[in-house]
1. So how exposed is Leu36, as accessible area in Å² (1.4 Å probe, rounded to 10)?
2. Using protein chains only and a probe of 1.4 angstrom, how many square angstrom of Met68 are accessible, to the nearest 10?
3. Take every DSSP beta bridge with both residues inside the chain and express the antiparallel ones as a percent of the total, to the nearest 5.
4. So for the pair Leu36, Leu10, with labels modelled 7 Å out along Cα→Cβ, what separation do we get in nm?
5. For Ala26 and Val71, compute 0.36 nm times the residue count separating them, minus their Cα-Cα distance, and round to one decimal in nm.
6. Would you work out the relative contact order for the chain, in percent, from Cα pairs under 8 angstrom that are 6 or more residues apart?
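The values are calculated or read from the model by the stated rules, or taken from the named source; none is laboratory data. If you're wondering where the values come from, they're calculated on a predicted model, not measured in any experiment. Reconstructed Cβ throughout: ideal geometry from the backbone, glycine too, with neighbour counts over all protein chains shown. These area figures cover heavy atoms from the full protein model, side chains too; ligands, DNA and RNA do not enter into them. Shrake-Rupley method; radii C 1.70, N 1.55, O 1.52, S 1.80 Å.
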Amino acid sequence: MASTNPYTALLALLPSYPLQIATITAMEGDVARLVLPGGGVLTARGAGAVGDQVFVRDGVIEGQAPSMPFVQVEI
């Protein structure tokens, strides 16, 4: 059944926040400064130590990411 609420229909069209892997470069309290594999920088709330690879989504650290090599493929 399709939603009749226009706002709900609009929200269904928007993409959800992606789960990304980042490396913690600094911690200040529960706020981390993160670097993405492509070089982007962001901040997120959560726990971790400098040098940890973590999963991050929508400004929140969701957990520890496995230490694996980064491979980028051009399409």
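1. Counting only protein heavy atoms, Leu36 exposes about 40 Å² to solvent.
2. 130 Å²
3. In the chain, DSSP labels about 95 percent of beta bridges as antiparallel.
4. Reported label-point gap for Leu36 and Leu10 is 2.5 nm.
5. That pair, Ala26 and Val71, stretches by 13.8 nm at full extension.
6. 24 percent
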